[in-house]
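Since the structure comes first, as structure tokens, the remarks are kept for the end.
The values are calculated or read from the model by the stated rules, or taken from the named source; none is laboratory data. Please read these numbers as outputs of a predicted model, since none were measured by experiment. Please note: Cβ atoms are built from the backbone with ideal geometry, for glycine as well, and neighbour counts cover all protein chains shown.
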Amino acid sequence: MTVPAGGPRRVLVATVRMRVRSEKRDEFVQAMADLTARTRRAAGCIASHLYADGEEPGVFTLVEEWRGRRDLDRHLASDEFAALIGAGFLLEGPAEITLDAVARRGGTDEVLRRRADVARSDWQGRHPRPPRAGFPTEP
């Protein structure tokens with residue numbers, strides 16, 4: 001289940017970066033497609049997606065978003081997460097796992113608002129006084 005950017009304000013994000021052995025790539029992708037689909041159905045899961053690195057063909061990043069600590073802890077103890085750990089034989093080395101608490105989320109509106117704030121700030125830095133009507137702001 002994917003929730004739009006206006007969804008939950010505070011989420012926990014689990015990110016797993018994995019370097020897959022080249023001869024195991026197809027097997028890994030198939031296993032992860034099944035795992036992410038099952039994870040998405042878990043209680044408290046907001047999103048679960050596997051991304052392939054555009055510059056390094058054997059590198060994948062799994063990103064999961066969870067509503068709360070209990071939901072994430074339940075997932076870490078689940079068969080799905082055990083299967084992810086068990087898939088380690090497909091990797092060149094240990095996976096890099098990070099857990100982040102995201103206190104605030106925003107979407108396109110937030111990005112556009114921030115861009116406007118930066119542009120306004122930059123303009124004010126270059127022009128200490130507001131422009132007068134009828135006069136150009138740039139030479």
| Is there a residue in segment 43-54 that is at pLDDT 95 or above, surrounded by 13 or more Cβ atoms within 10 Å (Cβ to Cβ), part of a loop (DSSP other than H, G, I, E, B) and touching a helix residue (DSSP H, G or I) at 6+ places or on another chain (Cβ under 7 Å)? | yes
| message | Kindly evaluate Gly106 against the criterion of being part of a loop (DSSP other than H, G, I, E, B) and at pLDDT below 85. | response | yes
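Results for (1) of a type outside the set (D, E, K, R); (2) within 18 Å of Thr98 (Cα to Cα); (3) without any contact (Cβ under 8 Å) to a residue 24 or more places away in the chain; (4) in contact with a Lys or Arg (Cβ under 6 Å, 6 or more places away or on another chain), shown as yes or no for each residue.
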| residue | (1), (2), (3), (4) |
| --- | --- |
| Val16 | yes, yes, no, no |
| Ser22 | yes, no, no, no |
| Leu35 | yes, no, no, no |
| Ala42 | yes, no, no, no |
| Ala47 | yes, yes, no, no |
| Gly58 | yes, no, no, yes |
| Arg67 | no, yes, no, no |
| said: Can you confirm whether Ala95 is over 15 Å from the mean Cα position of the chain (by Cα) and modelled with pLDDT of 85 or more? | reply: yes
| Out of the residues in segment 91-103 that are part of a loop (DSSP other than H, G, I, E, B) and touching a residue at least 60 places away in the same chain (Cβ under 8 Å), which is nearest to Gly68 (Cα to Cα)? | Ala103
